[in-house]
Amino acid sequence: MVNLLKKFQEVTDYKQLFKVNKYKNTKLFRIYPGKLKIPTGKIVAGDPFLIFHCNHFEKTISPGEYEVELIFLELPTAGNRLAIARIVVSEKDAQYWELALLKNEDIGELAKGEFIGFVVDSGLACFIDHQFCKEFTTTMDGLYRKNSNFNYYDDVLAAEFAENAFNKNDPRDVGDWTNHKFDSNSIGNVMIFSSGFGDGLYPVYWGIDNEGKITDLLIDFFVISF
């Protein structure tokens, strides 16, 4: 287990991306979609259409509202691709990174080079508080029960994503993120964003400072090769 964590620390220096405008001669830029409300301190990350169990990470943070940062790379042949999505927990720099695990997950069972992550099947990922995850999934379920032809992305999210498109004159640019309010009767929100190059399995990491405190929670979409 120690060797595996050391391996991740050596190959993954994410904090270098938080203050630069280029990475290996590729333009890098950031979007700040707003603050995520986390009243329980328990965070759920995953495909927004696959989080119906609302399994949250075992580690928690102090309840509050936290800035979300989306780090994009401007790729010559693939356009703007979301490389890193992170929740900024502290202003301190992370000294190392460790896999964010759900209860009963154990990296000691992994072979070298393997990781535990979440599956994306819709080309989207999200951050949401555990309490609001239950409300969000209940809202979606209710809409589907009323209309079997209802599609939450097409009928709700697509217009929000389009409002945040980089080039609104390009019909191919459908947008990459939304700070989504899923219920007018709830104060909750969910940050939904594109998942790099699309579907796949993606790891989530806690950033830890030199005092052992959490600085960040981030998703790596494997757009950047370290």
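The values are calculated or read from the model by the stated rules, or taken from the named source; none is laboratory data. Please read all numbers here as calculations on a predicted model, not as lab measurements. A quick note on method: Cβ atoms are made from the backbone with ideal geometry, for glycine too, and the neighbour counts reach across all protein chains shown.
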Tabulated pairs, the range 209-221, first more than 18 Å from Y66 (Cβ to Cβ), second polar (S, T, N, Q) and surrounded by fewer than 20 Cβ atoms within 10 Å (Cβ to Cβ), C-beta under 7 angstrom, 6+ apart or interchain: N210/Q95
Which numbered condition E135 misses (of (1) surrounded by fewer than 18 Cβ atoms within 10 Å (Cβ to Cβ); (2) in contact with an Asp or Glu (Cβ under 7 Å, 6 or more places away or on another chain)): (1)
Test: P48 is touching a residue at least 12 places away in the same chain (Cβ under 8 Å), assigned to a loop (DSSP other than H, G, I, E, B), crowded, with 18+ Cβ neighbours inside 10 Å and under 18 Å from the mean Cα position of the chain (by Cα): yes
The range 206-226, subset surrounded by fewer than 21 Cβ atoms within 10 Å (Cβ to Cβ) and either of a type in the set (K, R) or under 20 Å from E74 (Cβ atoms) (or both), residue modelled with the lowest pLDDT: F226
Filtered residues of the range 91-104 (kept if surrounded by fewer than 16 Cβ atoms within 10 Å (Cβ to Cβ), more than 16 Å from the chain's Cα centre (by Cα) and not basic (K, R)): E91, D93, Q95, N104
When residues of the range 141-175 are limited to those that are of a type in the set (G, A, S) and over 20 Å from L82 (Cβ atoms), the one surrounded by the fewest Cβ atoms within 10 Å (Cβ to Cβ): S148
Subset of the range 72-109 [in a loop (DSSP other than H, G, I, E, B), of a type outside the set (D, E) and in contact with a strand residue (DSSP E or B) (Cβ under 9 Å, 6 or more places away or on another chain)]: P76, V89, S90, K92, A94, Q95, A100, L101, K103
Candidates V156, V223, V174, filtered to the one that is of a type outside the set (K, R), in contact with a helix residue (DSSP H, G or I) (Cβ under 9 Å, 6 or more places away or on another chain), part of a loop (DSSP other than H, G, I, E, B) and at negative phi: V174
Within the range 106-122, considering residues that are modelled with pLDDT of 90 or more and loosely packed, with under 15 Cβ neighbours inside 10 Å, the one farthest from the chain's Cα centre (by Cα): D121
